[in-house]
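Asker: What follows is a single structure, and I will ask about it in a moment.
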Amino acid sequence: MKKQFPGWAALLIITLIAGLALGCTYTLTKDPIDRQNALNAENARKAVLPLADTFQPMPETVFAGKVDGFAGPVYVEYVPDDEGKIAAITIGNPDFAETPNFGAKALAPEFAAQFIGKFLPVGEGDVDLITRATITSKAVLNAINTAEKKDYQVDWCYAGYQGEALVGYVAQVTVQGFGGPVEVIVGVDTDLTLTGVSVGGSSFAETAGLGAKAKDKAFTDQFIGKTVPVTVIKAGGKAADNTVDALTSATITSNAVAGAVNTAASHVKGILFPGMDEEIILPEKPAGAQVYSASAKGFAGPVYVEYTLDNQGKISYISIGDDQFKETAGFGQKALDPAFMYQFIGMKAPTTLDDIDAISGATITSRAVVDAVNAAMGVEPPVVDTTTDATSAATGEAAAEEEVPTVDTTTDATSAATGEAAVEKADANVKSASVQGFAGPVYVEYTLDGEGKIATIKVGDDNFAETPGFGAKAREDDFTSQFIGKVPPLAYADIDAVTYATITSHAVVDAVNAAMGVEPPVVDTTTDATSAATGEAAAEEEVPTVDTTTDATSAATGEAAVEKADANVKSASVQGFAGPVYVEYTLDGDGKIATIKVGDNNFAETPGFGAKAREDDFTSQFIGKVPPLAYADIDAVTYATITSHAVVDAVNAAMGVEPPVVDTTTDATSAATGEAAAEEEVPTVDTTTDATSVATGETAAQSTDNAAVIE
């Protein structure tokens, strides 16, 4: 009897053969399919950015931070690798204004290169700080260590190149259309002009004959050559340079595409101008769509909200506020910011306060917006506890979280005199107060973390008037960063005072403490004879001690060489031919003159002669030289030796070097007047005199310079 071959074995063999065949087919076709997909994607990018012949993907994960430096904000962007190390970094943006030859060195590739491969946080000992630019260097470190991940609204982005030249960017944005998700690919050149738009995607399901026409060139080509924001107009609407015509009976799809185009262009703008506030473009109200609206009580009055829904019940457009909107400036008014409103786009109503980031210090307004959104759908707001304290019961007002800070009327002697009280903001962790500094009130505002430590601090407001270069440094990060992590109240010894600005420094500490209800220490009002006579208390001045040792010239003008607060900035004034000659210059890291300025408002040297000491032909000779200098180091201005030597003397005086002794031998005339004979600023004068000059007792004098033109 024959044995039958088991059926299961046959099935197994067939399955194995089929699987092997499929595996071989996949292996053989995978690479060609991948190549074809890559080619299709490349062609899609070229279709919207025709000038580009190659494309490079932009990083999907970028961190950005911005911290105040010495002269303005210092912006930093970096890209981490898979291990969290810094793989690429960009320092600076169009707002970068650090000092040339000092803080500006942060833009140098060799400075940025130090950060590559570093883990966060980056410490001061991990890199070489820029010499004599500590503030800028620390600003870069702080910007890196506090950077946050950028929230991109695009699916992907590529940079397009023609050869090695960047010609633009291509980005894809997916938005909700009428029938489902719509993928929009947008090309933007480096001038932020639209170069092409492509609409579609694997899930594209817009209505045939209506929204599906968004894929047609007749619609997409309208965007080419326009700048954002692009708006959609219906038939008969007023056309403009940035408008496109809506598809007939497909306004929702048209607006969805335009919104995607605007989002992509805004993303490219953020790449081209890093650190600049990217414009958030809110969707426009769809024509003909049902509008839901309601008002809810805010902090200062009614808060009106209107919005529309897409076919999935998600918010597709929103507007907050009307003529009755009166929320507090700087707090509740932030509900009008596009960044706040944009949070609601794509949400389903009703919603809750937990679904959004409430405005700091304006919870009441934020809740009112949510309540209005819900009320428009017929949802009642939650019941508010109206329990009142004694004060509010007397006035009939319910105790509520304030939109503005509670004012603590306990003031120190200084703030009482200025009428300014310590003010605690609505958020119990935000404190502020103002006390008298050297030149005016010093306002301080800070926040506390959960442990009562200072988390952030800001010094100064519109009334801040402390001395530039001295007390004004109390606003800089080098000073304010000392407060971070400390628990108030503080002692003066807890903080390193700003050099030559002890009064301002102590005022900041006093303001920190005053915001906690702690009075400043009693100031010793013992005065010397002079101050007692004037009623002024003896105090350490905000400006440095001035060396009153002056040469004969500077003594005559009463001007002494003054070394500025920054040891690298020097200045002095000495007597020229017609008046004082002021000179100010900076030194580089090698002690060489990096920049120089001659003259101030008192400069009165002779036009055409001594006045040429201010011109670049003369001043450029000083660049790169190490003071003190000799007269022979500089070519004097023709017929203006006195002025030229005065500039050299001022350069040296700023370094504490006295000018050479002048021969005081005088002729008969100068002896009679007490004036020393000196080389004149003017050329030789013919000694022949006319009758008038003889009659008046005036003698023609010959200058030691031999020339024939009188200055």
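The values are calculated or read from the model by the stated rules, or taken from the named source; none is laboratory data. Everything quoted here is computed from the prediction, not taken from an experiment. Cβ: placed from backbone, ideal geometry, glycine included. Neighbour counts: every protein chain shown. Accessible surface areas use protein heavy atoms only, side chains included; no ligands, DNA or RNA. Shrake-Rupley method; radii C 1.70, N 1.55, O 1.52, S 1.80 Å.
Asker: Once the dipole of the range 233-326 is set up with Lys and Arg at +1 and Asp and Glu at -1 on Cβ about the Cα centre, which of SER293, THR263, ILE320 lies farthest towards its positive end?
Answerer: SER293
Asker: Another one. If you plug each phi of the range 636-642 into the Karplus form 6.51 cos²θ - 1.76 cosθ + 1.60 with θ = phi - 60°, what whole-Hz ³J(HN,Hα) values come out, in order, with x for Gly and Pro?
Answerer: 5, 5, 4, 6, 9, 4, 4
Asker: Compute, for MET655, the solvent-accessible surface of its heavy atoms (probe 1.4 Å) with the complete set of protein chains present, and express it in square angstrom to the nearest 10.
Answerer: Around 80 Å² of this residue is reachable by solvent.
Asker: Skipping prolines and chain starts, which residues have an amide H placed within reach, meaning under 5 Å, of the one on GLN575, given they are 5 or more residues away or on another chain?
Answerer: Counting only residues 5 or more places away or on other chains, the set is SER554, VAL581.
Asker: If you don't mind, another one. Long-range amide H contacts for ILE359: which residues qualify at under 5 Å (H placed 1.01 Å from N, peptide plane, sequence gap of 5 or more or a different chain)?
Answerer: Amide H to amide H, under 5 Å and 5 or more residues apart or across chains, ILE359 pairs with SER366.
Asker: Within the accessible area of the range 218-303, what % is carbon and sulfur when the probe is 1.4 Å and the other protein chains stay in place? Show your work: numbers first, answer last.
Answerer: Values: 2100 of 4020 Å².
Ligands and nucleic acids excluded, carbon and sulfur reach 52 percent.
Asker: Now a separate question. Kindly flag which residue pairs out of LYS150/LYS334; LYS238/LYS285; LYS269/LYS334; LYS150/LYS473; LYS149/LYS217; LYS269/LYS326 have an alpha-carbon separation exceeding 28 Å in this structure.
Answerer: Details: LYS150/LYS334 21 Å; LYS238/LYS285 16 Å; LYS269/LYS334 24 Å; LYS150/LYS473 31 Å; LYS149/LYS217 37 Å; LYS269/LYS326 33 Å.
In this structure, LYS150/LYS473; LYS149/LYS217; LYS269/LYS326 lie more than 28 Å apart at Cα.
Asker: Percent of accessible area on the range 590-654 owned by carbon and sulfur, 1.4 Å probe?
Answerer: Values: 1350 of 2960 Å².
Carbon plus sulfur share of accessible area: 46 percent.
Asker: Oh, and also: What lysines sit close enough to LYS612 to cross-link, taking a C-alpha to C-alpha distance under 27 Å and skipping anything fewer than 8 places away on the same chain?
Answerer: Hits, sequence-local ones excluded: LYS564, LYS570, LYS592, LYS597, LYS625.
Asker: Based on the mean of other beta carbon atoms within 10 Å per residue, what is the order of 79-88, 218-227, 433-442, most packed first? Mind dumping the intermediate values first?
Answerer: Details: 79-88: 13.2, 218-227: 16.2, 433-442: 24.1.
Peptide ranking by packing, descending: 433-442, 218-227, 79-88.
Asker: For the range 125-187, give the percent of accessible area contributed by carbon and sulfur heavy atoms, probe 1.4 Å, rounded to a whole number. Display every interim value, and only then the final one.
Answerer: On the way: 1140 of 2730 Å².
Answer for the range 125-187 is 42 percent, counting heavy atoms of protein chains only.
Asker: Which lysines have a Cα less than 17 Å from the Cα of LYS431, not counting those fewer than 8 places away in the same chain?
Answerer: LYS453, LYS458, LYS486
Asker: Probe radius 1.4 Å, ligands and nucleic acids left out: which of ARG614, ARG35 has the largest accessible area, and how do the rest follow?
Answerer: Details: ARG614 115, ARG35 150 Å².
Descending order: ARG35, ARG614.
Asker: Could you sort THR248, THR207, THR504 by accessible area so the largest value comes first, with the probe set to 1.4 Å? All intermediate terms of the calculation are to be shown ahead of the outcome.
Answerer: Details: THR248 115, THR207 60, THR504 0 Å².
If we order THR248, THR207, THR504 from most to least accessible, we get THR248, THR207, THR504.
Asker: Which value, in Å² and to the nearest 10, is the accessible area of SER254 when all protein chains are kept and the probe is 1.4 Å?
Answerer: Accessible area of SER254: about 0 Å².
Asker: Sticking with this structure for a sec: Which whole-Hz ³J(HN,Hα) couplings does the range 509-517 yield from phi under the Karplus relation 6.51 cos²θ - 1.76 cosθ + 1.60, θ = phi - 60°, glycine and proline marked x?
Answerer: 3J(HN,Hα) across the range 509-517, in whole Hz: 4, 4, 5, 4, 6, 4, 5, 9, x.
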